[in-house]
Amino acid sequence: MTVKPFKIDVPDSVLDDLHVRLERTRWPDELPGTGWDYGSNLDYIKELVEYWRTKFDWRAQEKLINSFSHFKTEIDGLGIHFIHEKGKGTNPMPLVVTHGWPGTFFEMHKIIPLLSDPASHGGDQADAFDVVVPSMPGYGFSDHTTDRGLDVLSVGDLWAKLMSENLRYGRFGAQGGDWGASVTAKLGFSHPDKVIGIHSTSTTRPTPYLGPGSRELSEAEKSIIQLRIDWQSSDGGYAHIQGTKPQTLSYGLNDSPAGLAAWIVEKYRTWSDCGGDVESRFTKDELLTTVTIYWVTQSIGSSTKLNYETQRKPWNLKQGERIEVPCGIASFPGENTVPIREWAERSYNVQHWTDMASGGHFAALEEPVQLVDDIRSFFRQLR
């Protein structure tokens, strides 16, 4: 399949329209003294939108993004955007890194140089990777599907084709978090002949076999299941609406940049290891670059449809099934559901486990050095 160089160049008219919309934001009211209890805090979103309107420089961020090597290719009729940074070392290992929601490929911009050129960042050139960071279908600069049924597991099969057919790698590693963890798990499960090993920051999928003949759940496992149920009740409202009525949601978020920012940024605050101060982990520029990518590509609606399709195709392992390729897990303390090893080992062939000192759901942005060190350590034994 043809792979063509790609450059991000958002038309001025799109940016002009964005600024007009920001200037004309119609703000909601807010109960006094409620902070973030009801969702995104009004004062903070006003501050962020004013920065977006008056100080945020998309062209500077676009220049940063374009400093990487971007390409587009077609897989099963879909145009897929991806970054492809060749490793600088004696024998770089191919590695596909997959983002989640509400992230984008930009989430990986800090770890790409560390992975592809370790020697320039205090590491060993023998740990170099050929790094491939695709935008999932319906995200960023990849095409939006026009067909029903494209769930997160289907993306794993697309990436197998991207790596083996379009980029012609014989074997490769995979890494991801959030949806990217599910994509990575599917790669390991369905394409073990192609996948050297997988590294993940989440073990929520697949659901292991728990029927007759399975090991009895430990107290720690029972606790993690209950914590997940509690989290869905307290923080899972976004997933319920995205998984049931994503089209209804998209009218507001695709039309109001302030609304879009509020929807996305609240997750960066809630899901990160920030102690309630979102800018202790992310700069305004980092937050707004992510939001702007969703805005200029009009991809918030298409991205949320992945919830709808995936919720209708639960991944439950059968008796005797497991992801058998070697797996490494980095367990970050601020993750939505912090992975525990005994639960993970029901579904994964865990060869490497690290309990991280800090960091949350957006590990590549929050703790890029910690994450990269763990990725290197895991794959070093598989080279």
- [ ] Test each condition in (1) closer than 23 Å to P137 by Cα; (2) in contact with a helix residue (DSSP H, G or I) (Cβ under 6 Å, 6 or more places away or on another chain) for G180 and report the one that comes out false.
- [x] (2)
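Which of the residues belonging to segment 52-71 are closer than 14 Å to V20 by Cα and either touching a strand residue (DSSP E or B) at 6+ places or on another chain (Cβ under 9 Å) or surrounded by fewer than 18 Cβ atoms within 10 Å (Cβ to Cβ) (or both)?
Residues satisfying the conditions are R53, T54.
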Task: The lone exception for Y268 - which of (1) within 19 Å of the chain's Cα centre (by Cα); (2) surrounded by fewer than 24 Cβ atoms within 10 Å (Cβ to Cβ) it fails - done: (2)
Task: Residue count for segment 199-211, restricted to those that are over 17 Å from I340 (Cα atoms) and either aromatic (F, W, Y) or in contact with a helix residue (DSSP H, G or I) (Cβ under 8 Å, 6 or more places away or on another chain) (or both) - done: 0
Task: helices (runs of 4 or more DSSP H) completely within segment 317-383 that count 1 or more residues being in contact with an Asp or Glu (Cβ under 7 Å, 6 or more places away or on another chain) and more than 22 Å from I224 (Cβ to Cβ) - done: 363-366, 368-380
Open item on the list: Please pick out the residue among L31, L48 that is part of a helix (DSSP H, G or I) and at pLDDT 95 or above.
Closed with: L48
Open item on the list: Going by what's in this entry, would S302 be described as polar (S, T, N, Q), within 29 Å of R148 (Cα to Cα), modelled with pLDDT of 95 or more and buried (at least 16 other Cβ atoms within 10 Å of the Cβ)?
Closed with: yes
- [ ] Name the single residue, out of those in segment 162-203 being buried (at least 20 other Cβ atoms within 10 Å of the Cβ) and hydroxyl-bearing (S, T, Y), that is farthest from V350 (Cα to Cα).
- [x] S182
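Here's the yes/no breakdown for (1) within 18 Å of the chain's Cα centre (by Cα); (2) among the small types (G, A, S); (3) under 28 Å from A330 (Cα atoms):
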{"residue": "G140", "(1), (2), (3)": "yes, yes, yes"}
{"residue": "T145", "(1), (2), (3)": "no, no, no"}
{"residue": "G149", "(1), (2), (3)": "no, yes, no"}
{"residue": "L153", "(1), (2), (3)": "yes, no, yes"}
{"residue": "L158", "(1), (2), (3)": "yes, no, yes"}
{"residue": "K161", "(1), (2), (3)": "no, no, yes"}
{"residue": "N166", "(1), (2), (3)": "no, no, no"}
{"residue": "R171", "(1), (2), (3)": "no, no, yes"}
{"residue": "G176", "(1), (2), (3)": "yes, yes, yes"}
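The values are calculated or read from the model by the stated rules, or taken from the named source; none is laboratory data. What you see is a predicted model; the values in this text were computed from it and never measured. Neighbour counts run over all protein chains shown; Cβ positions are idealised from the backbone, glycine included.
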